[in-house]
Structures are given as structure tokens and as C-alpha cells.
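First the structure, in the form of C-alpha cells, and then the observations on it.
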Amino acid sequence: MFHATLDSTKTWKQIIDSLATLLTEAHFRVSESGISLRQLDSSKAAMVDLALPSDIFQEYSCKGEHDICLGIDELTKISKRMAGDEHLEFNLDEEENRFEIKMVGQADRMFKLQLLRPPEDQTKKPGIEFEAKAEMLADTFKQAIKDIAVVSSHVKISAESDKLTFSGEGDTGEANVSLTTKGDAPALFQLEVSGKSVAMYALNYLTEISKAIASDSLMLQFTSNKPLLLEYSIAEAGSISFVLAPRVERRADRG
């Protein structure tokens with residue numbers, strides 16, 4: 001048994017938009033404490049981790065634990081039909097093997113989605129110790145990704161003392177964006193570094209992820225030549241994070 005209500009269609013759209021950056025199916029784990037999701041993308045180069053505690057919802061009741069696996073395309077199409085002044089109701093129909101999404105406003109509109117078979121294996125949270133941790137304005141991160149994408153297909157991120165740098169280069173030129181915690185209104189709020197950290201990541205992933213970020217700020221963590229963790233809040237108490245594998249530079253063999 002599962003039932004929940006949500007007053008904000010905007011919040012639900014943000015959740016679905018974030019998941020759609022990497023996934024074709026969403027495998028939700030629903031329990032008494034809330035809703036969670038942790039999945040790898042099809043290439044296994046990136047992972048998305050969603051946590052929605054029960055108190056995000058206006059009403060929430062769940063008995064036992066449930067696996068709710070749904071197609072992202074269908075969820076995206078439905079979210080686009082939601083109006084800003086509506087509120088949402090979610091129900092699990094175990095007998096019919098359907099997940100119900102009801103929009104309540106000037107009219108009551110109901111969508112019933114067929115549940116897909118959930119994956120047998122559960123994605124485990126990677127155990128990574130990060131050398132660099134930066135809290136910054138989300139808009140500044142988005143602009144940095146756009147700037148580097150002008151000349152390159154990948155971004156090199158480096159952190160040292162009080163400076164965080166995004167850089168890239170390609171056949172047409174180079175780009176560099178530097179942020180510090182100094183100044184009257186810095187875009188970089190916090191930077192913790194244990195030694196210099198440098199790593200490179202594919203811009204196609206970060207470009208899509210940045211489009212879905214609706215929070216004002218985000219946390220970026222990484223270690224030299226190790227995965228990057230990008231995390232931001234949803235509906236204050238909830239959070240979503242992305243883990244992205246590094247791009248390894250290959251050097252030509254020397255004769």
C-alpha cells in the first residue's frame with residue numbers, strides 16, 4: 001500500500017527532469033521513510049541518487065517496501081501536462097500492477113502507468129573519499145560549463161587553496177573560468193581542499209545535468225582522476241546527486 005500527495009507540481013517536474021538527464025527507466029524504492037532511487041546510466045559512466053523523505057509530501061502513507069519501476073518518457077510526458085495550480089496524488093494499485101498519478105485542479109485527471117519489471121541488482125553507493133569540496137552558486141556552475149563547451153568536449157576541474165578552476169581546450173582554442181571565495185559577493189561560498197586536485201570529465205554529461213538543476217546552490221566534490229559528485233537540494237529536505245566517472249587522458253606510446 002502506498003499513497004502520497006504533493007502540492008507542488010513544480011517540484012515533481014524538477015525531479016523527473018533531473019532523472020531524465022541519465023535514465024530511460026526510473027526504479028523508485030518506496031518505504032515508510034520516503035522515496036529513494038539509485039541507478040547507473042546505460043553506459044555505467046554516471047549514477048543518479050535521489051532521496052525524498054516522507055515529510056516533503058503533504059500526505060504520505062506506506063506499508064512495507066515497494067519497487068516502482070516506470071518509463072522516463074511516460075513520466076516526462078505526464079509532467080508536461082501538469083498545471084502550476086494543481087496538486088498531485090500518487091497511489092500504487094498492486095492488484096492491477098499500476099502506478100496512479102492524479103492531478104487535482106479545475107478537473108481531476110488520472111494517469112495509470114503499467115509497472116515495469118525492476119532490475120534484479122541494486123546499485124550500491126560508491127565509497128569515495130573526496131579531496132576537494134566546493135559549495136557554489138548553481139548559475140555560476142552552469143555558465144562555467146557553457147563557457148568551456150564553446151571550445152572543448154571535456155572540462156578539467158582543479159582545486160587548490162582558495163581557487164576552483166574550470167578549463168578546456170580544443171582545436172579552436174582554450175577557455176578558463178576561475179572562482180575564489182574572496183570578494184564582497186563571491187559565487188564560490190566554500191572550498192575545502194586537502195592537496196591539489198585535478199580531474200577531467202565529459203561535458204556532454206555535465207551539460208545535460210546542469211540544465212536540470214533548479215536549486216540556487218550546489219555542492220561539487222572530486223578527487224584527482226576519480227569520480228565527481230554533484231549534489232543539490234529538491235524541496236528543501238530532499239536531495240539529488242550525480243556521480244560521474246573521470247575522463248582518462250591517454251598518452252601516445254613512446255617508441
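The values are calculated or read from the model by the stated rules, or taken from the named source; none is laboratory data. Treat the numbers as computed from the prediction; the structure is a model and nothing was measured. Quick reminder, even Gly has a Cβ in these numbers, built from the backbone with ideal geometry, and neighbours come from all protein chains shown.
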*Given the range 1-78, what strands (runs of 3 or more DSSP E) lie entirely inside it while holding 2 or more residues that are under 16 Å from the mean Cα position of the chain (by Cα)?*
25-31, 34-40, 46-53
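With the requirement that a residue be at positive phi and either assigned to a loop (DSSP other than H, G, I, E, B) or in contact (Cβ under 8 Å) with a residue 40 or more places away in the chain (or both), what does the range 173-196 give you?
Gly183, Gly195, listed by residue number.
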*Among the residues of the range 12-49, which ones are surrounded by 17 or more Cβ atoms within 10 Å (Cβ to Cβ), of a type in the set (S, T, N, Q) and farther than 27 Å from Val248 by Cβ?*
Gln14
_Going residue by residue through the range 96-106, is there one that turns out to be in the same structural domain as Gln14 (by TED's automatic domain parsing), surrounded by fewer than 19 Cβ atoms within 10 Å (Cβ to Cβ), modelled with pLDDT under 95 and touching a helix residue (DSSP H, G or I) at 6+ places or on another chain (Cβ under 8 Å)?_
no
*List every residue pair whose Cβ atoms sit under 7 Å apart, with the two residues 6 or more apart in sequence or on different chains, where the first one lies in the range 58-79 and is touching a residue at least 60 places away in the same chain (Cβ under 8 Å) and surrounded by fewer than 18 Cβ atoms within 10 Å (Cβ to Cβ) and the second, anywhere, is of a type in the set (Gly, Ala, Ser) and assigned to a helix (DSSP H, G or I).*
Thr76/Ala20
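One line per residue, one yes/no per condition, for (1) surrounded by 13 or more Cβ atoms within 10 Å (Cβ to Cβ); (2) among the basic types (Lys, Arg); (3) more than 26 Å from Ile15 (Cβ to Cβ):
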residue	(1), (2), (3)
Ser158	yes, no, yes
Ser167	yes, no, yes
Val177	yes, no, yes
Asp184	no, no, yes
Glu192	no, no, yes
Glu208	yes, no, no
Ser215	yes, no, no
Ser233	yes, no, no
*Look through Phe222, Phe189 and report the one residue that is hydrophobic (A, V, I, L, M, F, W, C) and either assigned by TED's automatic domain parsing to the domain that holds Gln14 or within 17 Å of Asp139 (Cβ to Cβ) (or both).*
Phe189
